[in-house]
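The values are calculated or read from the model by the stated rules, or taken from the named source; none is laboratory data. A quick note: this is a predicted structure, and the numbers were derived from the prediction, not measured. Don't worry about glycine lacking a Cβ; one is built from the backbone with ideal geometry, like all the others, and counts go over all protein chains shown.
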Amino acid sequence: MPDVGIETSTRASRGGAVGLLALAVLATSMPWWAGSGLLRTGVELLYTLALAQIWNLMAGYGGLISFGQQAFIGIGGYALVLFAYRLGADPYLTLAIGAALAGLFAWPMSRLLFRLHGAYFAVGTWIVAECWRLVFANWSWLGGGSGISITATVRGIEPWWREALAFWLAAALGLGSIAGVYLLLRSRLGLALMALRDSEPASESVGISVTRVKTWIYVAAAAAFGLVGGLIFLTKLRISPDSAVSINWSVTIVFIVVIGGIGTIEGPIVGVLLFFLLREYLADYGAIYMIVFGLLAIVVMLTLKGGIWGEVQRRFDLRFFPVQRRVRLAPRA
Amino acid sequence: MINLVDTLLQGSLLGGRYALMALGLSLAFGIMRLVNIAHGDFIVLAAYLALVTVQALGLHPLAALLIVVPILALLGYAVQRGLLNRAVARDIMPALLITFGLSVIIQNGLLEVFSADSRRLQAGNLSSIGLSLGEGVSIGWFPLMTLLIAALVIAGLEQFLRRTRLGRAFRAVSDDPEIVQLMGYDPHHIYALAMAVAFATVGIAGVLFGIGTIFDPALGPPQLLFAFEAVIIGGLGSLWGTLAGAMVLGVAQAIGFRVDPGWGILFGHVAFLVILAVRPQGLFPRTRDA
């Protein structure tokens, strides 16, 4: 009888790990040689990647489709206004406060929202996000509806340092989200999460607490969005309820994940690169690029369900970040 | 006291508008278990269609109903047949994401064609005349008319679903699409017809929305959220429940607006969340499974 082994890595996955490491080294050095424009685009690309990875973790692996994650971007951003701008705390420390607050608020919200399932959950999260937008819009101490400039929070920090720190943070979040989601999915919790997506009753029957796993993921995702939200507005230095708690965050993230490939770690990476490329070329045509992106998402949804990367995986069996366990018959040595 | 009566009245009338908007969503859910994220954008699209019709033909906006409603019904048939039927009913994700994409396309398309300027369908003095009900309390004719139309459409739909062959087919396909095939119906065709009926109500809602208030391309998503709240508050699958849910939402918003103009919409959302907390099945649920 041949030996049977379970394989969790592939040659490509070792390449994936090396590639990620190389990118991290490259990113660390970038502030010394890259220009301001490149760094700014890099920051935006990397934090968008982080948001897309986390949304993909919730939707593609956990089956939790949320259209309301902008609530936590807003909480992270407004934590800056409240603690750093109004109360004078260190802005970088405030990022952690924003993440903690987002997670803290997410817990009671999840109690309520988990009463809704599927599409209803999606719209429910959007309504809760709207509540946050309206609260910020009516809170004049935090700038009210027209928003507020928080440039004062970073006064005294040398511009080079500010840019470099923003870039390193964005790189840590963007590349870290890939590594984090990968490691999480290969853990016991990841297995539970994927089981739950495939069938909640079946997961219950093998001893997975559905509510506990979903709550955990929802709260963790909220904290991550809060952290990214803080970083976003620490680079923009101006915040308004309509820009912070905007459905456009969800639109961008959802399109990126759907087109790149929902339920794969490589998918959001492909999606983000495509999104930034398209935007670069179509930016001059106004609203057209959102129309193109929307059409692309619909076509992908109808023809290749796994998105671009799902198709690549199906054809070439190429997985840089494999999260499945495969039984292989190993020849006897 | 008068203030309270007035607030309740205005809120209920506002509920009439929301009820009309929510009917299509309620119907599509009841029959196809489908949430159309672009629902609000189709309402706004209908308002723009009415605007074009009025400008091109010089009609009264209400007469534009004769053109807008059939176009929307055709559009509903096409959207269901061409896009949503391909998305498997068991997996909600494709339909959800496709309609999310449609929402963005419609919004940005309207923005390209009509710009972000606010528009309104001019209906002469119809939208301004009111009916005085004694001291300090008066109601607008137009909101009252909207509420009555909503009630009439619901009554008509109920009769249609109960008494006609097609209505029965809608209910049958909702219960079990596979068995319906044995009875000689094509579920895809039935679904598309059901969406056509749902979109016809969207057409009516859109025209009355355009007469009742100023609109711009970005107003779709809020209408979706209001319609959704009305459906969930009222209880899934019940059209009269949707009317009741819309009234509750309207009154909650009216009370909020009375407290502070900035809080109106928020009060509506909070009322929805409170009802979700204490009575998640809604006030008058008919369909199991949400």
*Please go through region B:236-251 and pick out each residue that is within 13 Å of chain A (Cβ to nearest Cβ) and surrounded by 24 or more Cβ atoms within 10 Å (Cβ to Cβ).*
B:249
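Can you tell me how many residues in region A:226-242 are assigned to a helix (DSSP H, G or I), away from every other protein chain (no Cβ under 14 Å) and either closer than 25 Å to residue A:36 by Cβ or over 11 Å from the mean Cα position of the chain (by Cα) (or both)? Steps first, please.
Keep residues of region A:226-242 that are assigned to a helix (DSSP H, G or I), which gives A:226-236, A:241-242.
Those still in the list that are away from every other protein chain (no Cβ under 14 Å) too: A:226-236.
Now restrict to residues that are either closer than 25 Å to residue A:36 by Cβ or over 11 Å from the mean Cα position of the chain (by Cα) (or both): A:227-236.
The qualifying residues number 10.
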*asked:* Filter region A:301-318 down to the residues that are surrounded by fewer than 18 Cβ atoms within 10 Å (Cβ to Cβ) and among the basic types (Lys, Arg) and list them by number.
replied: A:314, A:315
*Collect the residues in region B:5-42 that are in contact with a helix residue (DSSP H, G or I) (Cβ under 6 Å, 6 or more places away or on another chain) and either over 25 Å from residue B:284 (Cα atoms) or not in a helix (DSSP H, G or I) (or both), keeping them in residue-number order.*
B:34, B:35, B:36, B:37, B:38, B:41, B:42
*What number of residues in region B:88-98 are farther than 12 Å from residue A:65 by Cα and either of a type in the set (A, V, I, L, M) or modelled with pLDDT of 95 or more (or both)?*
4
*Would a scan of region A:261-274 turn up a residue that is more than 19 Å from the chain's Cα centre (by Cα) and surrounded by fewer than 18 Cβ atoms within 10 Å (Cβ to Cβ)?*
no
_If I filter region B:68-105 down to residues being farther than 12 Å from residue A:302 by Cα and in contact with a Phe, Trp or Tyr (Cβ under 7 Å, 6 or more places away or on another chain), which single residue comes out as farthest from the other protein chains (Cβ to nearest Cβ)?_
B:73
*Just need a number here: residues in region B:256-290 that are in contact with a helix residue (DSSP H, G or I) (Cβ under 6 Å, 6 or more places away or on another chain), more than 9 Å from chain A (Cβ to nearest Cβ) and in a helix (DSSP H, G or I).*
8
*Only one of B:118, B:103 is of a type outside the set (A, V, I, L, M), closer than 23 Å to residue B:218 by Cβ, surrounded by fewer than 17 Cβ atoms within 10 Å (Cβ to Cβ) and in contact with an Asp or Glu (Cβ under 7 Å, 6 or more places away or on another chain); which?*
B:118
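Could you list all residues from region A:243-273 that are among the aliphatic types (A, V, I, L, M) and either within 13 Å of chain B (Cβ to nearest Cβ) or in contact with a Cys (Cβ under 7 Å, 6 or more places away or on another chain) (or both)?
Here is the first cut: in region A:243-273, the ones among the aliphatic types (A, V, I, L, M) are A:244-245, A:247, A:251, A:253-254, A:256-259, A:262, A:265, A:269-270, A:272-273.
Listed by number, the residues that qualify are A:245, A:247, A:251, A:253, A:254, A:256, A:257, A:258, A:259, A:262.
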*asked:* residue B:27 - would you say it is surrounded by fewer than 22 Cβ atoms within 10 Å (Cβ to Cβ) and either within 29 Å of residue B:138 (Cα to Cα) or among the hydrophobic types (A, V, I, L, M, F, W, C) (or both)?
replied: no
*When residues of region A:136-163 are filtered for being buried (at least 19 other Cβ atoms within 10 Å of the Cβ) and within 10 Å of chain B (Cβ to nearest Cβ), how many remain?*
1
*Out of (1) touching a residue at least 12 places away in the same chain (Cβ under 8 Å); (2) farther than 25 Å from residue A:115 by Cα; (3) assigned to a helix (DSSP H, G or I), the odd one out for residue A:29 is which?*
(1)
*Identify the residue in region A:55-108 that is in contact with a strand residue (DSSP E or B) (Cβ under 9 Å, 6 or more places away or on another chain) and not aliphatic (A, V, I, L, M) and, among all such residues, is surrounded by the fewest Cβ atoms within 10 Å (Cβ to Cβ).*
A:85
*Is there any pair with a first residue in region B:89-100 that is buried (at least 24 other Cβ atoms within 10 Å of the Cβ) and among the charged types (D, E, K, R) and a second that is part of a helix (DSSP H, G or I) and modelled with pLDDT of 90 or more whose Cβ atoms are under 8 Å apart and which are 6 or more apart or on different chains, and what are they?*
none
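Take the residues in region A:1-26 that are touching a residue at least 24 places away in the same chain (Cβ under 8 Å) and part of a loop (DSSP other than H, G, I, E, B), then tell me which one is farthest from residue A:325 (Cα to Cα). Let's see the steps before the verdict.
Filtering region A:1-26 for residues touching a residue at least 24 places away in the same chain (Cβ under 8 Å) gives A:2-10, A:12-13, A:15-16, A:19-20, A:23-24.
Going one step further and asking which of them are part of a loop (DSSP other than H, G, I, E, B), we end up with A:2, A:8-10.
Working: A:2: 18, A:8: 5, A:9: 8, A:10: 11 Å.
Here the residue is A:2.
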_Testing residue A:141 on (1) part of a loop (DSSP other than H, G, I, E, B); (2) closer than 21 Å to residue B:263 by Cβ, one condition comes back false. Which one is that?_
(1)
*Exactly one condition in (1) among the β-branched types (Val, Ile, Thr); (2) crowded, with 21+ Cβ neighbours inside 10 Å; (3) more than 24 Å from residue B:154 (Cα to Cα) is not met by residue B:52; state its number.*
(2)
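Are any residues in region A:114-127 touching a residue at least 24 places away in the same chain (Cβ under 8 Å) and either away from chain B (no Cβ under 14 Å) or buried (at least 20 other Cβ atoms within 10 Å of the Cβ) (or both), and if so, which ones?
A:119, A:121, A:122, A:123, A:124, A:125, A:126, A:127
Condition check ((1) modelled with pLDDT under 95; (2) at positive phi; (3) among the aromatic types (Phe, Trp, Tyr)) across all residues:
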residue	(1), (2), (3)
B:226	no, no, yes
B:230	no, no, no
B:236	yes, no, no
B:240	yes, no, yes
B:251	no, no, no
B:261	yes, no, no
B:264	yes, no, no
B:283	yes, no, no
B:288	yes, no, no
*Using beta carbons and a limit of 7 Å, which pairs, at least six apart or on different chains, have the first residue in region B:212-230 and at the interface with chain A (Cβ under 10 Å from one of its Cβ atoms) and closer than 21 Å to residue A:287 by Cβ and the second one among the hydrophobic types (A, V, I, L, M, F, W, C) and surrounded by fewer than 24 Cβ atoms within 10 Å (Cβ to Cβ)?*
B:217/B:110; B:217/B:111; B:217/B:114; B:217/B:116; B:221/A:247
*Condition test on residue A:255, is it touching a residue at least 12 places away in the same chain (Cβ under 8 Å) and buried (at least 18 other Cβ atoms within 10 Å of the Cβ)?*
yes
*asked:* Looking only at residues that are within 21 Å of the chain's Cα centre (by Cα) and not in a helix (DSSP H, G or I) in region B:106-120, which one is farthest from residue A:301 (Cα to Cα)?
replied: B:120
